[in-house]
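Take a look at the structure set out below.
The values are calculated or read from the model by the stated rules, or taken from the named source; none is laboratory data. Since this is a predicted model, take the numbers as computed values, not measurements. Every residue, glycine as well, gets a Cβ built from its backbone with ideal geometry; the counts of neighbours run over all protein chains shown.
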Amino acid sequence: MRSVAITNAKGGVGKSTTAINLAVALAEIGHRVLLVDADPSGNATLGFSPTGVPDHGLADVLLDGALFSQVRQNTGIDHLDLIPPGSRLGQCSDQMGSTQGLGQGREFRIRRAIRGLSEYEILLFDTSPVLTPLNVAILYAVGEIFIPIDPCVAALAGVRALENLIRDVAIFREELTEGGNLTVTGVLITRADRTLVSRQVESEVRSYFGPLVFERSVPTSVKFREAYARGLPLIRYDASCAGALAYREAAAAFLKRPPHLEEVWRHHSKAS
């Protein structure tokens, strides 16, 4: 099973939108996908059900030892299940960061919880933009990182903060766990438009990350908000629009990239 954290230290980059539509695109191809909403705000969950976030979810798994099978939700899309955050997820992250949290084994709760999920081929985590102990625990658990970036002037600042965390976690994983290397599978440029600033920042992102950046960017569009307000993934709301096509292409490119791009990432990290 491929396990992936969709993450960025900067908010407002289309992270949850990417998690939703990438998950749907992969499921449409026929892959069995579990999307875990690990953001207390529940944005990924609201993208399927705008009426509200269920009380039970990931928090129950981490705090009470519930099984994923006990809290997962049916998205109405074949091959795709969803784990909501649960009403206590913020409390869970606080607990992990207390004096009885990190260093006491709680950072491995996610890693232990996903063992045995043999019914899925791809596990996607939608993380919060804040570098919380919960996000660190997710990075200990997954094998891959998928980074959405919007082409604004602060784009690379958030990435560098995330980059430092990824490097620290990767070292810990290699030395103290059997998790293996932490791989950046890809970088997806989101909310791209035709302004000069957008084009310049996109050029910088492509220069910075090189071959890790997916070829096609996701264009900005009001259709994303329209789809979200209706509790529908854009891919299902308007299957032929440019944004939907971009996410389908990203899903296909993701599948073609095997999770062993460590040398690309290490070379980039040393160079930067």
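Looking only at region 76-94, count how many residues are modelled with pLDDT of 90 or more and buried (at least 22 other Cβ atoms within 10 Å of the Cβ).
We begin by selecting, within region 76-94, every residue modelled with pLDDT of 90 or more; these are 76-89.
Right, trim to buried (at least 22 other Cβ atoms within 10 Å of the Cβ) and you get 80, 82-86, 89.
Matching residues across region 76-94 total 7.
The residues of region 127-176 that are in a strand (DSSP E or B) and either over 26 Å from ARG112 (Cβ atoms) or charged (D, E, K, R) (or both), listed by number, are GLU144, PRO148, ILE149.
Name, by its number, the condition in (1) surrounded by fewer than 17 Cβ atoms within 10 Å (Cβ to Cβ); (2) at pLDDT 95 or above; (3) not acidic (Asp, Glu) that does not hold for GLY11. All conditions pass for GLY11, except number (2).
Every listed requirement among (1) touching an Asp or Glu at 6+ places or on another chain (Cβ under 7 Å); (2) at pLDDT below 90 is met by ALA192 save one, (2).
Of all the residues that make up region 19-43, how many are of a type in the set (S, T, N, Q) and either assigned to a loop (DSSP other than H, G, I, E, B) or surrounded by fewer than 24 Cβ atoms within 10 Å (Cβ to Cβ) (or both)?
Within region 19-43, the subset of a type in the set (S, T, N, Q) is 21, 41, 43.
If we keep only those that are either assigned to a loop (DSSP other than H, G, I, E, B) or surrounded by fewer than 24 Cβ atoms within 10 Å (Cβ to Cβ) (or both) as well, we get 41, 43.
Number of matching residues: 2.
For first residues located in region 246-265 and in a helix (DSSP H, G or I) and surrounded by fewer than 20 Cβ atoms within 10 Å (Cβ to Cβ), partners that are at pLDDT below 80 and not charged (D, E, K, R) and lie 6+ apart or on another chain with Cβ distances below 7 Å form the pairs GLU262/ASN181. No other residue among GLY143, GLY116 is in contact with a strand residue (DSSP E or B) (Cβ under 9 Å, 6 or more places away or on another chain) and surrounded by fewer than 21 Cβ atoms within 10 Å (Cβ to Cβ) apart from GLY143.
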